[in-house]
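> Have a look at the structure that comes next, please.
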Amino acid sequence: MENSNTEDGPNASSAGTAMAKEESLILMKNIWKTYQMGVEELHALRDVSFQVEKGDYLAIIGPSGSGKSTLMNLIGCLDSPSKGTYLINGHLVSEMTDDELARIRNKEIGFVFQTFNLLARATALHNVELPLIYAGVRASERHDRATAALESVELGDRTLHRPNELSGGQRQRVAIARALINNPSILLADEPTGALDSKTSVEIMALFEKLHAAGNTIIVVTHEHEVAERAHRVITIRDGQIEKDERIK
Amino acid sequence: MRLVTSRFLENLKMAFDTLRGNKLRAFLTIIGVVVGVITVMLISSIISGIQLAVEDQIKSFGTRSIFVYKMDIGIRFDRPSREERMRPDLTLEDALALRELSEVETAVPFLNASSGWWGNATIISANGKQTSNINLTGTLPEISVAGTEVVLEGRWFTQAEVDFKKDVCLIGETVKETFYPNESAVGKTLEINGREFRIIGHLEKKAQLLGDQDESNTIYVPFGSALRIKPNADDVFIMAVANEGRIAQAQDQIEDLLRTRRKVAFGRPNNFSTATADSIIDQFNSITAGVAIAMVVISSIGLLIGGIGVMNIMLVSVTERTREIGIRKAIGAKQSDILIQFLIEAGTLTGFGGLIGLAIGWGLSLIIALFFPSYVPYWAPPLGFFASVGIGIVFGLFPAWKAARLDPIESLRYE
Ligand SMILES: Nc1ncnc2c1ncn2[C@@H]1O[C@H](COP(=O)(O)OP(=O)(O)OP(=O)(O)O)[C@@H](O)[C@H]1O
Ligand SMILES: [Mg+2]
């Protein structure tokens with residue numbers, strides 16, 4: 001049943017040693033996320049446990065409203081669980097100070113949001129530069145790196161456009177360039193191809209594969225099978241619970 | 001350190017971007033600050049101007065001078081009381097008696113022989129022109145020691161000319177301009193009530209205060225000659241010159257002597273007054289200090305209102321930019337980054353308002369300076385600017401703190 005499924009995945013990937021568990025990049029144990037809606041409690045996540053090793057390429061699929069974005073926000077240290085423990089690189093996230101969390105969001109995690117989340121008033125270049133500003137990188141280096149990042153997503157000729165002067169796919173690529181600018185060890189992408197045509201989707205997926213090959217850990221939420229098939233491992237979520245966790249490569 | 005400044009510049013740039021994006025709001029926010037700073041600039045420049053002019057004029061009477069008069073001397077806003085007007089006049093003999101004091105170098109009487117409000121006018125004519133509107137003062141040659149008047153051309157009268165009531169006079173700059181504008185007046189004559197007086201000297205123009213009477217519109221004649229022109233003249237003002245560095249002692253001696261001469265009973269207040277340049281300047285400074293405090297209060301209220309406006313606008317801005325704050329936090333902004341960003345934004349906003357206020361205030365005070373002695377004191381612009389920036393930072397603190405404390409995920413969800 002569900003139970004055996006949840007246990008199959010992690011047990012299989014951690015191959016038995018306690019050491020491996022310690023060194024998991026992401027380790028979630030009995031995570032609950034509950035929203036209080038008046039008198040009713042809404043469990044967006046119920047007792048979710050899983051772990052992700054460094055260098056893995058994971059896809060999370062599931063119907064709309066099943067809790068995928070909620071889970072991603074927890075992984076990305078943007079939100080905190082109602083119950084359960086979350087360790088990133090062996091460190092307990094619930095015990096981190098605000099500054100430590102900010103540092104992790106800045107340096108360790110690149111987040112591509114379902115809704116892009118670009119600064120509306122800032123140019124593409126400035127949007128991509130922003131994580132570098134908070135990382136304390138000098139202006140000239142920042143400019144060079146952000147320009148290069150935009151070129152790598154083929155937006156070299158759109159650096160001074162504002163988000164509302166870009167197409168949906170172009171905005172998504174700006175968001176990806178921003179997520180990658182600080183060379184994060186984990187790339188979290190929530191529906192990164194949702195707004196893209198199939199050709200651009202393929203290009204983005206190729207980019208992800210390249211990053212994975214370079215040793216980055218990638219977690220992508222999607223409901224497109226072509227996207228999920230590129231991953232090495234697929235977790236299926238339904239009603240806030242892990243329904244299936246299978247390694248496909 | 002380098003990182004800190006580069007961060008600061010980055011925040012400043014972001015602040016400017018934001019302000020440029022919200023021009024109208026930014027403008028409305030800073031009006032209070034602009035007005036506050038203009039107030040500071042204008043009032044401080046006017047006060048400084050008056051202060052400088054008053055000090056100049058009073059100092060021109062000399063730092064060793066002690067003024068003695070039957071009524072109270074100094075800056076006053078009330079009219080002399082009946083008691084003051086009824087006091088006995090000072091006399092030539094009083095002045096001569098003061099000269100005998102050990103700490104007094106000399107004392108000079110000034111007899112006012114000008115036209116009165118009623119009674120016979122003193123008509124002065126020369127070179128085909130005629131007027132009664134000139135101050136006529138009888139005095140003694142020792143006026144040259146007092147140094148309150150500078151002879152540009154010619155000389156003061158001698159003791160012999162005083163003793164023999166010679167018809168000689170010295171004229172102020174304004175008098176010269178009236179009768180002999182384009183030529184030397186020395187050696188010429190003028191008629192006072194029909195008597196011919198020889199002009200033996202021409203005096204330098206005196207420092208002028210707006211609205212004050214023209215000190216250069218004066219004719220000095222020997223004391224006795226003045227009495228002959230206006231036999232009932234009795235309004236005597238005495239200026240004593242103290243020995244160097246002994247002004248306080250001289251003032252005491254003068255008061256003691258005059259109390260005796262004027263028979264003031266023990267324990268009764270003086271029925272005359274004495275003043276020095278310093279005492280008048282002190283008196284004036286205490287008045288301007290009051291005005292300055294009023295200025296600080298008024299402009300503080302202006303700046304305070306501006307500050308509350310800033311807080312209001314910043315709170316609105318924080319709410320409106322909740323999503324932006326969420327995005328910034330999601331990509332690694334620390335609480336302190338957000339706090340500093342909003343503080344710099346508020347400080348930039350009001351600092352900018354301060355600069356506008358400084359520019360307008362400076363312009364206005366330049367215009368005022370055309371009509372009125374005024375200048376912007378060196379401390380006013382920095383005070384105005386830093387007060388503006390400070391207002392922004394102080395009143396931006398609460399909104400910035402609110403922004404910094406926002407939860408990243410809730411901010412991202414904010415519509
Ligand atoms: N802030 C919130 N308050 C209350 N309920 C919430 C909140 N955020 C999410 N939920 C609920 O939690 C559930 C999971 O939401 P989530 O956004 O994670 O879904 P999802 O799997 O990402 O869906 P989609 O594929 O449509 O993006 C939903 O039922 C949603 O209504
Ligand atoms: Mg979602």
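> Just flag the chymotrypsin sites (Phe, Trp or Tyr not before Pro) in region B:201-290 sitting in loop per DSSP whose Cβ has no more than 10 other Cβ atoms within 10 Å. Before the final figure, lay out the partial values.
On the way: sites: B:220, B:223, B:237, B:266, B:272, B:284; in loops: B:266, B:272.
When the chymotrypsin sites (Phe, Trp or Tyr not before Pro) of region B:201-290 are filtered for loop state and at most 10 Cβ neighbours within 10 Å, B:266 remain.
> Leaving out ligands, DNA and RNA, calculate the buried accessible area for the pair B and A with a 1.4 Å probe, summed over both sides, in Å² to the nearest 100.
Working: alone 21450 and 12450 Å², together 31570 Å².
That pair of chains buries around 2300 Å² in total.
> Given R₀ = 45 Å, FRET efficiency for residue B:71-residue B:336 by Cβ-Cβ distance, to 0.05?
Values: r = 67 Å, r/R0 = 1.50.
With a Förster radius of 45 Å, E is 0.10.
> How high is the FRET efficiency from residue A:32 to residue A:210, r the C-beta distance, R0 35 Å, rounded to 0.05? Mind dumping the intermediate values first?
On the way: r = 36 Å, r/R0 = 1.03.
Given R0 = 35 Å and the Cβ-Cβ separation, E is 0.45.
> So what's Rg/Rh here for region B:120-159, counting alpha carbon atoms and using the Kirkwood radius for Rh? Intermediate results must be reported in sequence, preceding the final value.
Values: Rg = 13.2 Å, Rh = 12.5 Å.
Over the Cα atoms of region B:120-159, Rg/Rh equals 1.05.
> Can you tell me, using C-alpha contacts under 8 Å and at least 6 residues apart, the relative contact order of chain A as a whole percent? Don't skip to the end; give the middle numbers.
Working: 463 pairs, mean separation 68.9, N = 249.
This gives 28 percent for chain A.
> With the solvent-accessible surface defined on protein heavy atoms using a 1.4 Å probe, which residues belonging to region A:159-200 display a reduction of at least 20 Å² in accessible area in the multichain context relative to the isolated chain?
Residues meeting the cut-off: A:178.
> Below 13 Å, Cα to Cα, which aspartates and glutamates can residue A:29 reach? Residues fewer than 8 away in the same chain don't count.
A:7, A:47
> From largest accessible area down, sort A:244, B:263; use a 1.4 Å probe on the protein chains. Present the calculation step by step, with values, prior to reporting the outcome.
Values: A:244 85, B:263 170 Å².
Sorted descending by solvent-accessible area, the residues read B:263, A:244.
> Another question, then. Have a look at region B:316-369 and give its Rg and Dmax from the Cα atoms, expressed in angstrom.
17.5, 56
> At a 1.4 Å probe radius, which order do B:413, A:230, B:246 fall into by accessible area, largest first?
Numbers: B:413 115, A:230 70, B:246 90 Å².
My answer, sorted largest first, is B:413, B:246, A:230.
> Now a separate question. Ignoring ligands, DNA and RNA, how do B:156, A:32 rank by accessible area with a 1.4 Å probe, largest first? Don't skip to the end; give the middle numbers.
Values: B:156 30, A:32 65 Å².
Accessible-area ranking of B:156, A:32, largest first: A:32, B:156.
> Okay, moving on. Could you give P(r) for the protein assembly as shown, binned at 20 Å from zero, as whole percent values over all Cα-Cα pairs?
The percentages, shortest bin first, are 15, 29, 17, 14, 15, 10, 1.
> Determine the shape class of region B:72-166: with a ≥ b ≥ c the square roots of the Cα gyration tensor eigenvalues, call it rounded for a/c under 1.5, and otherwise prolate if a/b is greater than b/c, oblate otherwise.
Taking the square roots of the gyration eigenvalues as a ≥ b ≥ c, region B:72-166 is oblate.
> Please go through the residue pairs B:23/B:334; A:107/B:402; B:165/B:188; B:70/B:205; B:129/B:188; A:210/A:249 and name each one whose alpha carbons sit more than 20 Å apart in this structure. Walk me through the numbers on the way to the answer.
On the way: B:23/B:334 28 Å; A:107/B:402 25 Å; B:165/B:188 18 Å; B:70/B:205 28 Å; B:129/B:188 14 Å; A:210/A:249 16 Å.
As for pairs spanning more than 20 Å Cα to Cα, those are B:23/B:334; A:107/B:402; B:70/B:205.
> Pairs of alpha-carbon atoms within less than 8 angstrom and 6+ residues apart define the contacts here; what relative contact order does chain B have, in percent? Please report the intermediate quantities before stating the final value.
Numbers: 719 pairs, mean separation 120.3, N = 415.
Computed over chain B, the figure is 29 percent.
> Calculate the dipole size of region B:150-204 relative to its Cα centre from +1 charges on Lys and Arg beta carbons and -1 charges on Asp and Glu beta carbons; express the result in debye to the nearest 20. Kindly include the intermediate steps, with their values, before the conclusion.
Values: 7 positive and 10 negative charges, 36 e Å.
Its charge dipole is roughly 180 debye.
> FRET efficiency for residue A:248 and residue B:386, Cβ-Cβ distance as r, R0 = 51 Å, nearest 0.05?
Values: r = 65 Å, r/R0 = 1.28.
Efficiency, from the Cβ-Cβ distance: 0.20.
> Of B:308, B:294, B:174, which is farthest along the charge dipole of the protein assembly as shown in the positive direction, counting Lys and Arg as +1 and Asp and Glu as -1 at C-beta?
Farthest along the dipole direction, towards plus: B:174.
> What figure, in Å² to the nearest 10, do you get for the accessible area of residue B:165 with a 1.4 Å probe and non-protein molecules left out?
90
> Label point 7 Å out from residue B:372 along Cα-to-Cβ: which residues of region B:249-290 have amide N under 16 Å?
B:288-289
> A follow-up question, please. For chain A, with the dipole built from +1 on Lys and Arg beta-carbon atoms and -1 on Asp and Glu ones, taken about the Cα centre, which of A:74, A:139, A:232 lies farthest toward the positive end?
Of A:74, A:139, A:232, it is A:139.
> Here's a follow-up. Identify, among B:373, B:273, B:121, the residue whose Cα sits farthest towards the positive end of the charge dipole of chain B, taking +1 on the Cβ of Lys and Arg and -1 on the Cβ of Asp and Glu, with the dipole about the Cα centre.
B:373
> Within straight cross-link reach of residue A:199, meaning Cα distance under 16 Å, which aspartates and glutamates are found once same-chain residues fewer than 8 apart are removed?
Candidates past the 8-residue exclusion: A:154, A:191, A:209, A:224, A:226.
> If you wrap chain B's Cα atoms in a convex hull and average its projection over all directions, what's the area in nm²? Present the calculation step by step, with values, prior to reporting the outcome.
Values: hull surface 118.9 nm².
Across all orientations, chain B yields a mean hull projection of 29.7 nm².
> How much area per residue is accessible in region B:247-381 when the probe is 1.4 Å and only protein heavy atoms are counted (Å²)?
47
> Could you bin all the Cα-Cα distances of region A:66-126 into 5 Å bins starting at 0 and give me the percent of pairs in each, rounded to whole numbers?
4, 14, 25, 23, 16, 10, 5, 2
> Still on this structure, please answer the following. In square angstrom, rounded to the nearest 10, how much accessible surface does residue B:366 have for a 1.4 Å probe?
110
> Could you tell me how many degrees, from 0 to 90 and to the nearest 10, lie between the Cα long axis of helix B:2-21 and the main elongation axis, the longest principal axis, of the Cα atoms of chain B?
Approximately 90 degrees, to the nearest 10.
> Now for a different question. How big is the Cα convex hull of region B:188-283 in projection, averaged over all directions, in nm²? Write down the numbers at each step before the final one.
Working: hull surface 39.0 nm².
Approximately 9.7 nm², given one-decimal rounding.
> Just subtract the alpha-carbon distance of residue B:131 and residue B:248 from 0.36 nm times their residue separation and send over the number in nm, one decimal. Let's see the in-between values first.
Values: separation 117, 0.36 × 117 = 42.12 nm, distance 4.16 nm.
Residue separation times 0.36 nm, minus the Cα-Cα distance, leaves 38.0 nm.
> Can you tell me the 0 to 90 degree angle between the C-alpha axis of helix B:247-261 and the longest principal axis of chain B, rounded to 10?
The helix B:247-261 is inclined about 50 degrees to chain B.
> How much of residue B:262 can a 1.4 Å solvent probe reach, expressed as accessible area in Å² and rounded to 10?
30
> With a ≥ b ≥ c the root eigenvalues of the C-alpha gyration tensor of region B:51-109, is it rounded (a/c under 1.5), prolate (a/b larger than b/c) or oblate? Spell out each step's value before the answer.
Values: a/c = 3.30, a/b = 1.07, b/c = 3.09.
Note, shape of region B:51-109 comes out oblate.
> Another question about this same structure. Please find, in a Gaussian network model of chain B (springs between Cα atoms separated by less than 10 Å), the residue of B:353, B:307, B:194 whose mean-square fluctuation is greatest.
Of the options given, B:194 has the highest mean-square fluctuation.
The values are calculated or read from the model by the stated rules, or taken from the named source; none is laboratory data. No experiment lies behind these values; they were computed from the predicted model shown. Note: ideal-geometry Cβ built from the backbone for every residue, glycine included; neighbour counts use all protein chains shown. To get the accessible areas, we keep the full protein, side chains included, count just its heavy atoms, and leave off ligands, DNA and RNA. Shrake-Rupley method; radii C 1.70, N 1.55, O 1.52, S 1.80 Å.
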